[in-house]
Each structure stands twice: as structure tokens, then as C-alpha cells.
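Quick notes on the structure that follows.
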Amino acid sequence: MFKKSRRKIVAAIMSVLVLLLVGTLGVIYTCSYFQMVIQNREMLKAHVYMYAPPQAMEGLMPPNMPPPGDGNWGFDPGFTESPMFQLSIFYTVALSYDGKVLETRNNSPMVHTDEDLEDLAQNVINSGKETGTVDNLMFFKADKDGYILVAFMDNTVVNENAVTLLRYTLIFGGIALALFFFLSVFLARKIVGPLEESYQKQKQFISDAGHELKTPVAVVSANAELLSRDIGENPWLANIQYENERMGMLVCQLLDLARTENAAPQMDHINFSRLAEGEALPFESIAFEKGLVMSSNIAKGVMVNGNSTQLKQIVSVLLDNAIRHSTEQGGIYLSLKKEHGLAQLSVLNKGDEIPREHREQIFERFYRADPVRNGEDKHYGLGLAIAKAAVLAHKGHIEVQCYNGFVEFQVQIPAL
């Protein structure tokens, strides 16, 4: 139980940290990427607008066309004079409207040949796109009033730097998450530690109280029996005997719970089918006395590695619970089968639906869905806690389902 709680705490802490890390890095990298794309696109546009016409077009330019670099191009003068713009690598290909290459300006012929740039420019024109990215080159296409200019900007270094930054971020982020994982495990132990200590003290108290109460209950019972022989029937003495009997039942259940939770059971190969049949037999007469019909469907040869005493407790607790909470003229259905490597025990009865918020709590000790009932039926909310402890000791699982006016307790234990 506490291991599960620690795992949940660690999972919650790590989930929050991972979400924060991924969210923060995602926002930072997304904003940085779009900022870089916008900035590079603006530099590419500036380069296009400042581009001087090719020599092949000098005689064809409009007479009033201002020379490149003059006039207001819509950019801050400091923008084109910045080191970032000056150090950027640009490639340009000027083409006539009929697709003839007029001029290719290649500042880095060792990286991209003129033929490669001209092919890329033709592909850009054929694609119909004005701007975009191809092969780590951002491109921008513009009509320069007499020819088409396709400009490229090399983003290889920028992209490699971004990938390197991302790689190291992931590496150090992973190391940080690993450290946070061990820190969260430490914190989870600190958080759950006091609860686990309190729970262990409670279990020890139940065990000690059960053993301490066993002797006085036996003495009171013996003295009441002797006294009844001397004075005969007496209402006050009968009341003492009745309450002492209730106290004895509570002590027995406390001791059963303590034994089930604290002691590691001796495990043997058990024929669960034969054990369930034998344990169900006396409950048939009990059910009959209450006007209930009990039927069984127990598969033969279901074997488990378990403790016979605790397995009997599981069956008896569930059958007793079903009989006590069945509606009149109802039925009790016990089934046992082996499926998917598990021994699956089911006890079903017709009864009132258990509210969903109570279905986990009914397995807690001393829990009673009906607070008005205070043990007058000699049951103190320990039976299902004992059954759950026995199931967990067998590395199994127990749960309750309600549907169509029926209540079903299901137990799954690893089978042989």
C-alpha cells in the first residue's frame, strides 16, 4: 500500500517536472525558431531589394528606376549594416521571364555550384512559392520589373547550432530529471514515512490489544458460566455473557487481522477447488435458514501456491458477507475458475448497490458503510479487511462490482 503511494508521489512530481521542462523548452525553441525565420526572411528581402540588376538587363531597365541602395526600402539603415547581415551568406539567380538564366552570384562555390543554384531557382519558380526553405537554404522570389530574382540564404550553420543546442539541452535536461527523480524518491519516503510508521504502530496495537484482551475475556466467560450454575438464569448475568461473547468475537477478529497482516504465511501447493468446496459446505445451511439459495460452480483442479488458513478466510468472509447483505428470497452464487494464469474466485449476491465512493473503503478496517450499525450483529468491519490482507499476502487482487441489483466480489490470485 505504501509502496504504491510512494510510486504515485514520485510519478506526480516527475510528471509535473517533465511537463514544465518540455513546456518551457518547447516555448523557448518555438519562439526562437520563428524569430530566427522572421529575421532571416527580412534579411533575405533586404538583400533582394538591394540587388543590382545583371549586366544583361542594364539596357532594359526603366529609365526612372533608382539605382540599388538608394531610396527608402522599408528597412532601418542600421539593419543592413549590422554584423549579422554583413556576415550572412547569400546566393542569387536572376532569370528572364522565359526561364533563361541571366546571372548567378555564388559567394561560396565550394559549397553550392552554380548549376545547383540554377536548378534550385528553376524549381522555386515552378513551385509557385514566394518564400520557403529547401536543402538548408531559405529562398525568396521577387519580380524585379524585367526579370525574376531568386535569392537564397544559407542556414546550415544556424541549423547545426540549433541542433547542437537542443542536443546538449536534452542531455543536461535528462541528467537534471534523473537527479530530480532521486530527489522525488527521497521526498516521497519523507512524506509517506510518518504515515507508514503510524500504520505499523496501529497494526502493532491491534496485535497487542488482541492478545491482552484474550485472557480477561476468557476469565470473564469462565466466571460467568460458573456463576450461572450457582444462581441459575439471571437477566443481568445473561447480558454480561452476551456482551462478553461479542467482545470475544472482536478479539478473535483482531487476532486474525494481526496474524494475516504481520506474519508471513507458510505457502504450499493448495488445491483451491477442493478447499473452496469444503469451506462453502457449512454456509449452505446458514443460507437456507435465511431463505436463501446457495449455488456453486467450482472448476476442478485449480491449484495455487498459498496458505490454506488464509484461503479459507477469504472464502468464508466473502460468503458470510454475501449472506448477511443479501435481500430476502435472493441467491448466493460462488464460482471458481482458472483463466489467464489466475485463479478467479467470485461471490455474487442480490443486494443493495454499494455507492461508488464506498467500494474501496469497505476493505479498510473498522469501516462500515452504515454508521448506525455498531457491531450488534457481531461484525465490526474487520472481515473484508482480513480478506484483503489475505489476498495481498498471496500477491492477488480483490474488488467489488455492482450491476443490475447484484453485488459481486472478485478475487484474483496467481495460479499454478
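Every listed requirement among (1) at pLDDT 90 or above; (2) among the basic types (K, R); (3) under 28 Å from the mean Cα position of the chain (by Cα) is met by R356 save one, (1). Looking at the structure I just gave you, is V93 more than 16 Å from L44 (Cα to Cα), touching a helix residue (DSSP H, G or I) at 6+ places or on another chain (Cβ under 8 Å) and in the same structural domain as L44 (by TED's automatic domain parsing)? Spelling it out, it is not the case that V93 is more than 16 Å from L44 (Cα to Cα), touching a helix residue (DSSP H, G or I) at 6+ places or on another chain (Cβ under 8 Å) and in the same structural domain as L44 (by TED's automatic domain parsing).
Of everything listed in (1) surrounded by 17 or more Cβ atoms within 10 Å (Cβ to Cβ); (2) over 40 Å from the mean Cα position of the chain (by Cα); (3) not assigned by TED's automatic domain parsing to the domain that holds S346, the single unmet condition for Q253 is (2). In region 322-339, the qualifying residues are those that are at pLDDT below 90 and over 12 Å from M294 (Cα atoms), and the one that is surrounded by the fewest Cβ atoms within 10 Å (Cβ to Cβ) is E328.
Hey, P265 hits all of (1) part of a helix (DSSP H, G or I); (2) in contact with a helix residue (DSSP H, G or I) (Cβ under 7 Å, 6 or more places away or on another chain); (3) closer than 25 Å to A209 by Cβ but one; which does it fall short on? Only one criterion in (1) part of a helix (DSSP H, G or I); (2) in contact with a helix residue (DSSP H, G or I) (Cβ under 7 Å, 6 or more places away or on another chain); (3) closer than 25 Å to A209 by Cβ is unmet by P265, namely (1). Take the conditions (1) modelled with pLDDT under 85; (2) outside any helix (DSSP H, G or I); N161 misses just one of them, which is (2).
Return the only residue of S207, S228 being touching a helix residue (DSSP H, G or I) at 6+ places or on another chain (Cβ under 7 Å), more than 30 Å from N107 (Cα to Cα), at pLDDT below 80 and in a helix (DSSP H, G or I).
Values: S228 fails: at pLDDT below 80.
Exactly one residue qualifies, and that residue is S207.
For first residues located in region 387-415 and without any contact (Cβ under 8 Å) to a residue 12 or more places away in the chain, partners that are assigned to a strand (DSSP E or B) and lie 6+ apart or on another chain with Cβ distances below 6 Å form the pairs Q401/E408. Which condition does F182 not pass, out of (1) surrounded by fewer than 16 Cβ atoms within 10 Å (Cβ to Cβ); (2) modelled with pLDDT under 85, if it passes all the others? Unmet condition: (2).
The values are calculated or read from the model by the stated rules, or taken from the named source; none is laboratory data. This structure is a prediction, so every number in the text was calculated from the model and none was measured. Note that we place each Cβ from the backbone using ideal geometry, even for glycine, and neighbour counts take in every protein chain shown.
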